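The values are calculated or read from the model by the stated rules, or taken from the named source; none is laboratory data. Note that the coordinates shown come from a computational prediction; the quantities given were computed from them, not determined experimentally. Using ideal geometry, Cβ is built from the backbone for each residue, glycine included, and neighbour counts are taken over all protein chains shown.
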Protein chains: 2
Amino acid sequence: MTTDPRETTGRPAPQGSRIDPYVDSYAARAQGMVASEVRALFAVASRPEVVSLAGGMPNVSALPLEEMGDIVRRVTTEQGATALQYGSAQGDPALRERICEVMALEGIDASAEDVIVTVGSQQALDLVTRVFIDPGDVVLAEAPTYVTAINTFAAFQADIQHVAMDEEGVLPEALEERLTALAAAGRRAKFFYTVPNFQNPAGVTLTAGRRRRVLEICRRHGLLVLEDNPYGLLRYEGEAERALRADAPDNVIYLGSFSKTLSPGFRIGWALAPSAVRAKLVLAAESAMLSHSTFNQLVVGRYLAEHPWREQIKEFNEMYRERRDAMLASLEAMMPPGTSWTRPEGGFFVWVTLPEGLDAKAMLPRAVGERVAYVPGTGFFASDEGHRNMRLSFCYPTPAQIREGVRRLVGVIENEAALRDTFGTTPAPPAPGGDAPTPDLP
Amino acid sequence: MTTDPRETTGRPAPQGSRIDPYVDSYAARAQGMVASEVRALFAVASRPEVVSLAGGMPNVSALPLEEMGDIVRRVTTEQGATALQYGSAQGDPALRERICEVMALEGIDASAEDVIVTVGSQQALDLVTRVFIDPGDVVLAEAPTYVTAINTFAAFQADIQHVAMDEEGVLPEALEERLTALAAAGRRAKFFYTVPNFQNPAGVTLTAGRRRRVLEICRRHGLLVLEDNPYGLLRYEGEAERALRADAPDNVIYLGSFSKTLSPGFRIGWALAPSAVRAKLVLAAESAMLSHSTFNQLVVGRYLAEHPWREQIKEFNEMYRERRDAMLASLEAMMPPGTSWTRPEGGFFVWVTLPEGLDAKAMLPRAVGERVAYVPGTGFFASDEGHRNMRLSFCYPTPAQIREGVRRLVGVIENEAALRDTFGTTPAPPAPGGDAPTPDLP
């Protein structure tokens, strides 16, 4: 006896249909995969007349292209049999040795055995999440935090809980409080995700004193730290902080990247993890992609071996410092009262808080109309927060473009404030106590 | 009131411990991530004195390295600002156009809009699985099937069910039967995974008549086909078959790769999917890695634009044909009675069935001792099958090495058979009807 399988599956044959015939076939996690609402706007924002303070793209035009061209040519002609072949899922051993030299600049003493090379540090984030997160598992993250980390945690159905931060980074007492509350509820967090240096999006850096306290709290609670450090070497003033991993090798998974210190075009990032975790990450990487591009790994390895890369980073830092200064000076000179912003010592981003009653997301279409773009703050929270915030990037536009961009932005903000004063009608964030989770921001 | 969180989590602080302190932190899916048992042996097998008939590595030394070196140099110096920057998660539009030209060779009429570029077709497999598979969901796969596809499905906790195949590919009646049984049990499969050309590991090709029947069955059952076609263009005799996707654009996700027709070192593969599915895959790719290497995509695009790649594939095919012929002739000349094997018209692999009572996995250490390596059949099943099988690759060794490798292998098999005849003691596969699932193989 047979049944009609179409009846059983309850689905029409998809042929020729304009409606998604697979809508009831997707995994539960696919529900968490949604396109950003502001994506369409960014297509407009990429037009040349728009000054984009939105993107986090490094300024790769500062790279020595002729020299890079020579390196990629020689990797092909001299190492082709290796470079053009499959590699191991863990990554090229020589590159992993070089990566340890890079990490040593931030106090990390690591073995190449515990490094895995990934497709940017984004893939490392993804691998860590897939190894640790079951649906409903708690991930702690700074408020605000990196938008694509939120996406990745959400794609694995994590319960993302924010921990408040201020100008000195995450608040240790807020972290402790959250862990205690979880424990009291019989729950635990799988890890605490942090970008300790020149945070994306807030631009703030965790101070030395707080690093000690955060590590002490995490160690006491048996909580793994996921330290994401793409910007650490891009410091324009002040003293470098030691990586969290430097002082807690068994409690920290450290993520690094060459996307900002060399180029994102090769997609070379890495994770450094306690050995047992690293073994899991390698297996996850193998099922995710077999192996990363051997060619790209040999290119980056050769660049590190042959090029004075520390000097190159110094050059980058001079360029980015000038851009950061242009942005901070412009904000200082032009921003209306009631607006505040962070003062990053490195990295790419400034986090702006608008005067009360203004909504950065609602304002974005008007800003793009005035030929300036930014990222509204709401995207950097798993909860409904950040309406008064925006992330401004100074990495890609020139100082002159930055000044012009801020000038246009200030015009838009002043206009919005005038409308608010006259009509009291700018779209307000949801009232506290409503459907939105309690905000963690101070 | 606070509790000691260490008590709540039940875990000691991990500092300094030699035991994995995170063992109870991993996600359930991480239990499915296990290292292959034969991996350690393959480290030994990579020694130069061993003839490896194990690996599926293409022979990249046949590539024109000087010309490739010139291409990668010009991509850097002429397109550096784009090549070294972030790209889109969907992939470079020009490369996606070129990919459509490649697919046209197998009868596919596709829009570049529906193509997503991935880190080899392995990542495409991973993205499809994460978009469709909840724990316990059924995936249908040929028996045997590609080992890393099994790993990926298992990593997302799929219930992998095999469908029997023979020399003409998967058996349509077995597929229908399985679907009917699932429907009767109130279950459905999410997709049917197939490698229709020169299958890995079996080397067989789905015939034209069976392609029609398989598509008809899948369409009737509303079942998506996941067509994995890395070897399709590597045909050494006979007529090319139309891709399944060519005749069922709304029912098939097609996976392709440049790993075998150009080089695996750039890790450029792709998926072609119905629009709604493609949109989900792009979002999944973004959270998995932000974007693939722009550099690599421009290199492959430029290679396809500037190099006579169809001629290059013809050259590859002449080289691989000679190797396949060497393997088939050696097997014919030397294999003991009771041994059988497939006769692939293309691709990289021959699937051998040993005389009754022999176990290819148990025999492997002895084979490596005799300086020849292969992959035991058991790895290509999600169930406990394939003990009498081995996969032999002819892609990487030279014809002379292949002949020598088969000669050594035959010596090992004859020794095993003699031991079996004398002592009746070679390790036997589990008795049917035991713990193992019912085998699907004919």
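Summary of values
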quantity	calculated
Residue in region A:338-349 that is crowded, with 24+ Cβ neighbours inside 10 Å and within 14 Å of another protein chain (Cβ to nearest Cβ) present	yes
Pairs where the first residue, in region B:255-271, is within 11 Å of chain A (Cβ to nearest Cβ) and within 13 Å of A:A83 (Cβ to Cβ) and the second is polar (S, T, N, Q) and in a loop (DSSP other than H, G, I, E, B), C-beta under 6 Å, 6+ apart	B:G265/A:Q85; B:F266/A:S293; B:R267/A:S293
Meets criteria (modelled with pLDDT under 75, at positive phi and either at the interface with chain B (Cβ under 7 Å from one of its Cβ atoms) or under 20 Å from the mean Cα position of the chain (by Cα) (or both)) for A:G10	no
Residue tally, condition of a type outside the set (F, W, Y), outside any helix (DSSP H, G or I) and facing chain B (nearest Cβ under 9 Å), over region A:160-192	4
Residue in region B:203-216 that is in contact (Cβ under 8 Å) with a residue 60 or more places away in the chain and closer than 16 Å to B:A273 by Cβ present	no
Of residues in region B:165-205 being crowded, with 20+ Cβ neighbours inside 10 Å and out of contact with any strand residue (DSSP E or B) (no Cβ under 9 Å at 6 or more places or on another chain), the one farthest from B:A124 (Cα to Cα)	B:A183
Test result for B:D435, exposed (fewer than 15 other Cβ atoms within 10 Å of the Cβ) and either modelled with pLDDT of 95 or more or more than 20 Å from B:I160 (Cα to Cα) (or both)	no
Matching entry among B:R220, B:R211 (being within 8 Å of another protein chain (Cβ to nearest Cβ) and either within 23 Å of the chain's Cα centre (by Cα) or over 29 Å from A:S121 (Cα atoms) (or both))	B:R220
Test: residue in region A:22-34 that is more than 10 Å from chain B (Cβ to nearest Cβ) and either at pLDDT 95 or above or surrounded by 14 or more Cβ atoms within 10 Å (Cβ to Cβ) (or both)	no
Selected residue [touching a Leu at 6+ places or on another chain (Cβ under 6 Å), surrounded by 23 or more Cβ atoms within 10 Å (Cβ to Cβ) and not β-branched (V, I, T)] from B:A288, B:A271	B:A271
Any hit, region A:112-119, residues being away from chain B (no Cβ under 14 Å), modelled with pLDDT of 95 or more and surrounded by fewer than 24 Cβ atoms within 10 Å (Cβ to Cβ)	yes
Failed item, numbered, when B:S88 is tested on (1) within 22 Å of A:E78 (Cα to Cα); (2) at pLDDT below 95	(1)
Candidates B:A110, B:A124, filtered to the one that is touching a residue at least 60 places away in the same chain (Cβ under 8 Å), in contact with a Leu (Cβ under 8 Å, 6 or more places away or on another chain), in a helix (DSSP H, G or I) and closer than 30 Å to B:P308 by Cα	B:A124
Residue selected from region B:85-107 under the condition in a loop (DSSP other than H, G, I, E, B) and among the aliphatic types (A, V, I, L, M), by the criterion farthest from the other protein chains (Cβ to nearest Cβ)	B:L105
Conditions (1) surrounded by fewer than 24 Cβ atoms within 10 Å (Cβ to Cβ); (2) under 26 Å from A:T294 (Cβ atoms); (3) polar (S, T, N, Q): number failed by B:S263	(1)
From the options A:L262, A:L281, residue that is among the aliphatic types (A, V, I, L, M) and closer than 21 Å to A:L105 by Cβ	A:L262
Only one of A:A94, A:A62, A:A83 that is buried (at least 18 other Cβ atoms within 10 Å of the Cβ), in contact (Cβ under 8 Å) with a residue 12 or more places away in the chain and out of contact with any strand residue (DSSP E or B) (no Cβ under 7 Å at 6 or more places or on another chain)	A:A83
Candidate set from region B:273-310 (those that are of a type in the set (G, A, S) and facing chain A (nearest Cβ under 9 Å)); member that is farthest from B:N251 (Cα to Cα)	B:S293
Test: A:Q157 is in contact (Cβ under 8 Å) with a residue 12 or more places away in the chain, within 12 Å of another protein chain (Cβ to nearest Cβ) and in a loop (DSSP other than H, G, I, E, B)	yes
Unmet criterion (only one of (1) under 30 Å from A:E78 (Cα atoms); (2) surrounded by 17 or more Cβ atoms within 10 Å (Cβ to Cβ); (3) outside the structural domain of A:A240 (by the TED database)) for A:Y303	(3)
Selection count, region B:276-288, where residues are farther than 20 Å from B:R98 by Cβ and touching a residue at least 24 places away in the same chain (Cβ under 8 Å)	6
Residue match in region A:235-243 (condition: buried (at least 24 other Cβ atoms within 10 Å of the Cβ) and without any contact (Cβ under 8 Å) to a residue 60 or more places away in the chain)	no
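Here's the yes/no breakdown for (1) in the same structural domain as B:V51 (by the TED database); (2) assigned to a helix (DSSP H, G or I); (3) within 28 Å of B:A158 (Cα to Cα):
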{"site": "B:E332", "(1), (2), (3)": "yes, yes, no"}
{"site": "B:P337", "(1), (2), (3)": "yes, no, no"}
{"site": "B:G357", "(1), (2), (3)": "yes, no, no"}
{"site": "B:K361", "(1), (2), (3)": "yes, yes, yes"}
{"site": "B:D384", "(1), (2), (3)": "yes, no, yes"}
{"site": "B:H387", "(1), (2), (3)": "yes, no, yes"}
{"site": "B:E404", "(1), (2), (3)": "yes, yes, no"}
{"site": "B:V410", "(1), (2), (3)": "yes, yes, no"}
{"site": "B:A418", "(1), (2), (3)": "yes, yes, no"}
